[in-house]
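For reference, the structure is listed below as structure tokens.
The values are calculated or read from the model by the stated rules, or taken from the named source; none is laboratory data. From a predicted model like this one, the values you see are computed outputs, not experimental measurements. Every residue, glycine among them, receives a Cβ derived from its backbone with ideal geometry; neighbour counts consider all protein chains shown. When the accessible area is computed, the model is the full protein with side chains, heavy atoms only, and any ligands, DNA or RNA have been set aside. Shrake-Rupley method; radii C 1.70, N 1.55, O 1.52, S 1.80 Å.
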Amino acid sequence: MKVLGIETSCDETSVAVVESGARIRSNIVASQVDLHARYGGVVPEVASRHHVERFIPVLREALAVGETKLSEVGLIAVTNRPGLLGALLVGVSAAKALAMALKRPIVAIHHLEGHLYSAFLADSTLHERHPIVALIVSGGHTQLVWMEGYGRYALLGATRDDAAGEAFDKGARLLGLPYPGGPNLSKLAVGGDPERVPFPRGMISEGLDFSFSGLKTALRTFLDKDRGATPLADVAASYEAAIVDVLVTKLRRALQMTGVNTACVVGGVAANRLLQRRMKAMAVEEGVHLVMPEPMLCTDNAAMIAAAGYWRYHTCGPDALSFDTLATAPLATFQRA
Ligand code: KG4
Ligand code: ZN
């Protein structure tokens, strides 16, 4: 079955064709990064307008690259929550129109469930490896999720304030780096001394929740006092190390507490090189099977939505066309229809 995936929850317009929840035929992502860079962050109104402009060309490209006619699409999967409401509505309206015109089933996918399924696209053996502990690290979320099977999730821990990606982005802004902060801060950190500045590791010694807001404040205080004395590469490397230390420690703790031996790290921050290296080393030490998708599948894309949609459809069936679009929504557990 060819699944058409649609993702417009933030600043990437993305359409993908994925076969049977596993084989990516196309995964087109039109990023709006350049548009938002001058504002230092995503401007919701600008994002919505550009989704409207870019949607049809991106859809055409996804079908062409995926060598798929619209008539061959068997299922439509679209992100309907959570995200910027105006941005989500562009993808959802287009998806509903396509489902009606083509007379095809549609499923509404939670954005974080899409991120979880990027790991299954990267390693299909995950389907036989439940339960899995997943760490979702994106611009808006930082969560540890217990995955019992498709649609059966439990929250193990979450951030109490900023998300990991937000910590990267806010830190980058304080360092005078352009948007998007995460990748730029990481580039600046290359060759820097990660032990030069002893930044705090929020809540590192207890539980499975996260806190990154103190780190951002510590960076601001440090920069005010330091007045440029410390090389910025050292500051960036120390800041990056503080975030990565916390993420690695918490995933290790979640694995030890649950006794689970399969893990995945997904979401935009999973594209971070240091995080990848440190997570892989931790997985070897713990004897855990770890999946971290390639960067293209870590950041927002429609292939992950199509993959989640395929499994959703085969587990719970289609959604009614009247489904809602929501700016906020917890990652829920689904019951078989
Ligand atoms: O998953 P994603 O593409 O969008 C959301 O759902 O939020 O994640 C975007 C986040 C941003 O905060 C961005 O700075 C961060 O992921 N990010 C990175 C890297 N690439 C993207 N953070 C650190 N290092 C990277 N290489
Ligand atoms: Zn995302």
Original post:
Somewhere in region 242-265, is a residue in a loop (DSSP other than H, G, I, E, B) and within 16 Å of ligand 1 (Cβ to nearest atom)?
Top reply: no
Subject >> region 1-33, residues that are closer than 30 Å to Glu166 by Cβ and away from ligand 2 (no atom under 16 Å from the Cβ) >> reply: Val18, Ile24, Ile28
**OP:** Could you tell me which numbered condition Ala87 fails, if it satisfies all but one of (1) assigned to a helix (DSSP H, G or I); (2) assigned by TED's automatic domain parsing to the domain that holds Val288?
**Re:** (2)
Subject >> Residue, surrounded by the most Cβ atoms within 10 Å (Cβ to Cβ), within region 266-290, restricted to residues that are away from ligand 1 (no atom under 16 Å from the Cβ) and within 15 Å of Val137 (Cβ to Cβ) >> reply: Leu290
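Taking region 7-27 as the search range and keeping residues that are of a type in the set (A, V, I, L, M, F, W, C) and within 15 Å of ligand 1 (Cβ to nearest atom), which one is nearest to Ile305 (Cα to Cα)? Lay out the reasoning, then the answer.
Start the filter on region 7-27 by keeping residues that are of a type in the set (A, V, I, L, M, F, W, C), which leaves 10, 15-18, 22, 24.
Still in the list and also within 15 Å of ligand 1 (Cβ to nearest atom): 10, 16.
Working: Cys10: 14, Ala16: 9 Å.
Going through the qualifying residues, I end up with Ala16.
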**OP:** Could you grab me the full set of residues in region 210-227 that are under 14 Å from Ala163 (Cα atoms), in a helix (DSSP H, G or I) and among the polar types (S, T, N, Q)?
**Re:** Ser213
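Restricting region 112-130 to residues that are out of contact with any helix residue (DSSP H, G or I) (no Cβ under 8 Å at 6 or more places or on another chain) and open to solvent by less than 40 Å² (accessible area, probe 1.4 Å), which is farthest from ligand 2 (Cβ to nearest atom)? Before you say what the answer is, go through the steps one by one.
Residues of region 112-130 that are out of contact with any helix residue (DSSP H, G or I) (no Cβ under 8 Å at 6 or more places or on another chain), as a first pass: 112, 123-125, 128-130.
With open to solvent by less than 40 Å² (accessible area, probe 1.4 Å) added as a condition, the list becomes 112, 123.
Numbers: Leu112: 8, Asp123: 19 Å.
The qualifying residue farthest from ligand 2 (Cβ to nearest atom) is Asp123.
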Original post:
Only one of (1) surrounded by fewer than 23 Cβ atoms within 10 Å (Cβ to Cβ); (2) within 16 Å of ligand 1 (Cβ to nearest atom); (3) under 27 Å from Leu321 (Cα atoms) fails for Gly91. Which number is that?
Top reply: (1)
Original post:
Taking region 248-292, which residues are under 21 Å from Ala189 (Cα atoms) and either away from ligand 2 (no atom under 16 Å from the Cβ) or free of Cβ contacts under 8 Å to residues at least 12 places away in the same chain (or both)?
Top reply: Val248, Thr249, Arg273, Leu274, Gln276, Arg277, Arg278, Met279, Lys280, Ala281
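Go through region 94-111 and give me each residue that's on the phi > 0 side of the Ramachandran plot and open to solvent by less than 50 Å² (accessible area, probe 1.4 Å).
To start, the set of residues in region 94-111 that are on the phi > 0 side of the Ramachandran plot comprises 103.
Across region 94-111, there are no qualifying residues.
For Leu85, indicate whether it is open to solvent by 50 Å² or more (accessible area, probe 1.4 Å), within 13 Å of Cys10 (Cα to Cα) and at pLDDT 95 or above. Step through it out loud before you land on a result.
Working: open to solvent by 50 Å² or more (accessible area, probe 1.4 Å): yes; within 13 Å of Cys10 (Cα to Cα): yes; at pLDDT 95 or above: yes.
In short, yes.
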Original post:
So which strands (runs of 3 or more DSSP E) are wholly in region 109-209 and hold at least 2 residues that are within 13 Å of ligand 1 (Cβ to nearest atom) and under 30 Å from Glu19 (Cβ atoms)?
Top reply: 132-137
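For residues in region 131-157 being of a type in the set (Ser, Thr, Tyr) and within 14 Å of ligand 2 (Cβ to nearest atom), which is surrounded by the fewest Cβ atoms within 10 Å (Cβ to Cβ)?
Here is the first cut: in region 131-157, the residues of a type in the set (Ser, Thr, Tyr) are 138, 142, 150, 153.
So of that shortlist, the ones also within 14 Å of ligand 2 (Cβ to nearest atom) come out as 138, 142.
Details: Ser138: 24, Thr142: 30.
Checked region 131-157; the qualifying residue surrounded by the fewest Cβ atoms within 10 Å (Cβ to Cβ) is Ser138.
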Original post:
Quick check, is Leu35 out of contact with any Phe, Trp or Tyr (no Cβ under 9 Å at 6 or more places or on another chain), more than 16 Å from ligand 1 (Cβ to nearest atom) and open to solvent by 10 Å² or more (accessible area, probe 1.4 Å)?
Top reply: no
Original post:
Which of the residues that make up region 300-325 are of a type in the set (A, V, I, L, M, F, W, C) and surrounded by 15 or more Cβ atoms within 10 Å (Cβ to Cβ)?
Top reply: Ala302, Ala303, Met304, Ile305, Ala306, Ala307, Ala308, Trp311, Cys316, Phe323
Original post:
Pick from region 60-72 the residues that are touching a Leu at 6+ places or on another chain (Cβ under 8 Å) and in a helix (DSSP H, G or I): which of them is surrounded by the fewest Cβ atoms within 10 Å (Cβ to Cβ)?
Top reply: Ser71
